[in-house]
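Peer 1: Sharing a structure below in structure tokens format, with a few things to ask.
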Amino acid sequence: MDVLAVLVQILIIIIAPLAVGFSTGLDRKLTARLQNRKGPPVVQPFYDLGKLLSKRPLLINDLQVVFAGAALLFQAAAFALFVAGGDLLVAFFVSGVGALCLVMGAFSARSPYSYIGGQRELLAILAYEPVLLIAVLAIGLESSLLVANIGGGLLYTIPLALLALVPVLVILLEKSPYDVPTAHQEIMSGPYAEYSGPYLAIMEVARWVQLAFVYGIATLFVWNEDPVISLALKLVLVLVLLLVTIVIDNITSRLTRERMVRFTLIAGLGLVAINLLVLFIVRQGVF
């Protein structure tokens, strides 16, 4: 691998999470407009991040630092493996460990709000991780588990697998009807309840990196031989997914934890299973 390719990959690893942070600001702006409000500037997430980094660090125990750092480290490792064209399944499991570090950080604090938030985050992981796993396996069955070897055609052969990622993004973006872990309508911050200052900033960056990884999986469904056209298609797909989640957020209200898990698992796993079954039947020449 030449030096230029490595530099490009490093640049993507740095820019992609920042782009996710910018999309978060765009999300808040569009949501405000839909609610007939002016809303914050699109760079507000970066203002918030800078403010958190400038605050004096406060801790309940040292384990919070360990789990916050581990969450960011594992998510960054998963995304770096993805960008480098490595094994998508391995990257998925590494990202899953990062998600569990968030839960362990919540459980490390003796706080009822943090403990409840950790329990809800575990339910969210139970809801979206199996769907994300089956989508990754579908990509592997149809093309390859090595990101570098995945070509075009996924959008035409397994489009329902891409559709199954929508509820996953709704959960990860903490939007209605599945903003169960953070529960914005309640006076609590979910698994982040006992984090503050720089450590809360680290957890926020870890979430951006995790979203960058999931968005990256979604972009595998569109591809073109021309790298410029391919990049444009991927950006359009990400924007469409973001707009879909914004619309869902503004037309629904938060549902219960049980309904979140039940719907996400049934709909997500069902869509991918139906897609693979139809694809198998067609290729066997039954139709």
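The values are calculated or read from the model by the stated rules, or taken from the named source; none is laboratory data. Keep in mind that this is a model prediction, so the values were computed, not measured. So basically every Cβ, Gly included, is an ideal-geometry build from the backbone, and we count neighbours across all protein chains shown.
Peer 1: Considering the range 129-147 alone, what residues qualify as being crowded, with 17+ Cβ neighbours inside 10 Å, among the small types (Gly, Ala, Ser) and either touching a Phe, Trp or Tyr at 6+ places or on another chain (Cβ under 7 Å) or farther than 19 Å from residue 212 by Cβ (or both)?
Peer 2: Result: 138, 143.
Peer 1: Checking the structure you have, find out if any residue of the range 71-80 is over 13 Å from residue 210 (Cα atoms) and either modelled with pLDDT of 95 or more or of a type outside the set (Val, Ile, Thr) (or both).
Peer 2: First, pick out the residues of the range 71-80 that are over 13 Å from residue 210 (Cα atoms): none.
No, that holds for no residue.
Peer 1: Continuing with this model, one more query. Taking residue 246 as the residue in question, decide whether it is under 18 Å from the mean Cα position of the chain (by Cα), farther than 30 Å from residue 109 by Cα, surrounded by fewer than 22 Cβ atoms within 10 Å (Cβ to Cβ) and at pLDDT below 95. Step through it out loud before you land on a result.
Peer 2: Values: under 18 Å from the mean Cα position of the chain (by Cα): yes; farther than 30 Å from residue 109 by Cα: yes; surrounded by fewer than 22 Cβ atoms within 10 Å (Cβ to Cβ): yes; at pLDDT below 95: yes.
It is true that residue 246 is under 18 Å from the mean Cα position of the chain (by Cα), farther than 30 Å from residue 109 by Cα, surrounded by fewer than 22 Cβ atoms within 10 Å (Cβ to Cβ) and at pLDDT below 95.
Peer 1: Residue check, residue 61 against (1) in contact (Cβ under 8 Å) with a residue 24 or more places away in the chain; (2) touching a helix residue (DSSP H, G or I) at 6+ places or on another chain (Cβ under 6 Å), all met but one. Which one?
Peer 2: Going through the list (1) in contact (Cβ under 8 Å) with a residue 24 or more places away in the chain; (2) touching a helix residue (DSSP H, G or I) at 6+ places or on another chain (Cβ under 6 Å), residue 61 breaks only (2).
Peer 1: Just to be sure before I move on: is residue 34 in contact with a helix residue (DSSP H, G or I) (Cβ under 7 Å, 6 or more places away or on another chain), farther than 21 Å from residue 181 by Cβ, at pLDDT 95 or above and surrounded by 13 or more Cβ atoms within 10 Å (Cβ to Cβ) in the structure I sent? Please lay out each step first, then the result.
Peer 2: On the way: in contact with a helix residue (DSSP H, G or I) (Cβ under 7 Å, 6 or more places away or on another chain): yes; farther than 21 Å from residue 181 by Cβ: yes; at pLDDT 95 or above: no; surrounded by 13 or more Cβ atoms within 10 Å (Cβ to Cβ): yes.
Here the answer is no, as residue 34 does not meet what is asked.
Peer 1: Looking at the range 271-286, is at least one residue modelled with pLDDT of 90 or more, more than 19 Å from residue 155 (Cβ to Cβ) and of a type outside the set (Val, Ile, Thr)?
Peer 2: No.
Peer 1: Anything in the range 88-128 that is crowded, with 18+ Cβ neighbours inside 10 Å and charged (D, E, K, R)? List them, or say none.
Peer 2: Result: 120, 121.
Peer 1: Quick check on my filter: what residues within the range 38-71 are among the polar types (S, T, N, Q) and in a helix (DSSP H, G or I)?
Peer 2: First pass over the range 38-71, keeping only residues among the polar types (S, T, N, Q): 44, 54, 61, 64.
44, 54, 64 - these are the residues of the range 38-71 that are among the polar types (S, T, N, Q) and in a helix (DSSP H, G or I).
Peer 1: Quick check on my filter: what residues within the range 208-264 are touching a Lys or Arg at 6+ places or on another chain (Cβ under 7 Å) and of a type outside the set (Ser, Thr, Tyr)? Walk me through it before giving the result.
Peer 2: Of the range 208-264, the ones touching a Lys or Arg at 6+ places or on another chain (Cβ under 7 Å) are 219, 222, 245, 248-249, 257.
Result: 222, 248, 249, 257.
Peer 1: Same structure, new question: Suppose we keep only residues that are under 15 Å from residue 242 (Cα atoms) and β-branched (Val, Ile, Thr) within the range 209-228. Which one would you say is surrounded by the fewest Cβ atoms within 10 Å (Cβ to Cβ)?
Peer 2: Restricting to residues being under 15 Å from residue 242 (Cα atoms) and β-branched (Val, Ile, Thr), the top hit is 219.
Peer 1: Looking at 202, 266, which is the one that is touching a Phe, Trp or Tyr at 6+ places or on another chain (Cβ under 9 Å) and not basic (Lys, Arg)? Before you say what the answer is, go through the steps one by one.
Peer 2: On the way: 266 fails: touching a Phe, Trp or Tyr at 6+ places or on another chain (Cβ under 9 Å).
Result: 202 is the single residue among 202, 266 that is touching a Phe, Trp or Tyr at 6+ places or on another chain (Cβ under 9 Å) and not basic (Lys, Arg).
Peer 1: Please report, ordered by residue number, the helices (runs of 4 or more DSSP H) entirely within the range 83-168 with at least 2 residues that are β-branched (Val, Ile, Thr).
Peer 2: Values: elements: 88-107, 112-142, 154-157.
Once the helices (runs of 4 or more DSSP H) in the range 83-168 are filtered for at least 2 residues that are β-branched (Val, Ile, Thr), what remains is 88-107, 112-142.
Peer 1: Residues 194, 121: which one is under 27 Å from residue 62 (Cα atoms), in contact with a Gly (Cβ under 7 Å, 6 or more places away or on another chain), of a type in the set (D, E, K, R) and at pLDDT below 95? Even if it seems obvious, please write down each step before you answer.
Peer 2: Numbers: 194 fails: in contact with a Gly (Cβ under 7 Å, 6 or more places away or on another chain).
After applying the criteria, what remains is 121.
Peer 1: Find the residue count for the range 2-37, including only residues that are outside any helix (DSSP H, G or I) and within 28 Å of residue 80 (Cβ to Cβ). Explain how you work it out, then say what you get.
Peer 2: Looking only at the range 2-37, we keep the residues that are outside any helix (DSSP H, G or I), and these are 2, 35-37.
Narrowing the set further to residues that are within 28 Å of residue 80 (Cβ to Cβ) leaves 2.
Going through the range 2-37 one residue at a time, the tally reaches 1.
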